Amino acid sequence: MDETFPIPLSALQHYSYCPRQCALIHQEQMFTDNVFTLRGRRVHERVDEPDTRHEPDVRIEQALTLFSDRLGLTGKADIVEFLPDGTPRPVEYKHGPRRQREHDDVQVAAQALCLEEMTGKEVPEGVIYHHSSRRRRVVPITPELRIKTERLIHEVRALLASGKLPPPASEPERCRGCSMIEICQPEMLKSAAEIDRLAQTLFEPEEDLP
């Protein structure tokens with residue numbers, strides 16, 4: 001893979017959730033749905049078509065294409081709200097109740113970085129809209145989140161350029177919620193690794209006795 005080729009914004013969210021998931025989707029071009037991804041897809045259908053509308057003190061752009069030449073990113077925002085002074089605020093739609101998730105914050109921060117480059121305006125915050133609870137969660141685009149997001153961008157690019165498939169996540173709960181579990185086979189790989197470890201232990205050459 002060309003190391004300068006733009007990476008999709010969604011790859012950051014996938015990588016932050018699990019590097020192996022990111023590689024399976026964006027490197028191996030493999031994807032399966034589960035109940036959670038299907039719910040998320042239905043939520044995103046509401047904002048998949050480009051549209052512009054105006055509400056009091058805000059212009060709303062739907063399905064807005066985003067890019068950053070500096071960071072090598074490309075993708076699409078569900079919603080971008082433009083405030084009266086032109087400041088953009090990305091809004092990412094998620095299914096499920098209102099709760100904080102690091103990988104969602106990274107995705108919104110990456111959108112904010114793209115919008116800053118595209119508009120020349122600082123983006124101090126983004127928003128996660130949680131569809132099930134109909135509640136918004138503000139995500140401050142802090143210096144710490146900016147640094148972390150840029151670091152993850154470099155890590156994703158290095159992963160996709162390497163062509164290597166990382167090991168599964170070490171958190172069973174995270175694996176159980178992943179739509180890629182049948183493709184990833186984390187338990188099978190864990191068992192195979194354990195067998196290899198035991199085999200190496202059993203067949204290690206004995207040290208010469210004095």
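Assuming 0.692 mPa s and 37 °C, estimate D for the range 105-177 with Stokes-Einstein, Rh taken as the Kirkwood radius over Cα pairs, in µm²/s. Could you put the intermediate results ahead of the total?
Details: Rh = 14.5 Å.
My calculation gives 226 µm²/s for D.
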Legend entry - Under 5 Å, built H, 5+ apart or other chain: amide partners of Leu73: Ile7, Ser68
Legend entry - In order through the range 172-186: 3J(HN,Hα) via Karplus (6.51 cos²θ - 1.76 cosθ + 1.60), integer Hz, x for Gly, Pro: x, 5, 5, 5, 5, x, 8, 5, 8, 4, 5, 6, 5, 6, x
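Could you tell me which trypsin sites (Lys or Arg not before Pro) in the range 78-140 are loop residues by DSSP with no more than 12 other beta carbons within 10 angstrom of their beta carbon? Write out the running numbers ahead of the final one.
Details: sites: Lys94, Arg98, Arg99, Arg101, Lys121, Arg134, Arg135, Arg136, Arg137; in loops: Arg98, Arg99, Arg101, Lys121, Arg134.
Sites meeting the loop and neighbour criteria: Arg99, Arg134.
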Legend entry - Derived scalar couplings ³J(HN,Hα) [the range 112-126; Karplus, 6.51 cos²θ - 1.76 cosθ + 1.60; whole Hz; x for Gly, Pro]: 4, 5, 5, 5, 5, 5, 6, 10, x, 9, 5, 10, x, 7, x
Legend entry - Residues whose placed amide H lies under 5 Å from that of Leu64, excluding near-sequence neighbours: Ala77, Val80
Legend entry - Dimensions (Å) - the range 7-168, Cα atoms, principal axes, largest first: 49, 35, 26
Legend entry - Cβ charges +1 (Lys, Arg) and -1 (Asp, Glu), total dipole of the range 7-168, debye: 640 debye
Legend entry - Amide H within-cut-off set for Glu125, under 5 Å, with H built and near neighbours excluded: Ile141
Legend entry - Selection from Ser133, Val156, Phe67 lying farthest towards where the dipole of the range 7-168 points positive, charges on Cβ: Ser133
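Taken together, the values in this text are just the output of simple stated rules run on the coordinates, not laboratory data. Just so we're clear, the structure is a prediction, and the values are computed from it rather than from any experiment. In this analysis, Cβ positions are derived from the backbone assuming ideal geometry, glycine residues included, and neighbour counts consider all displayed protein chains.
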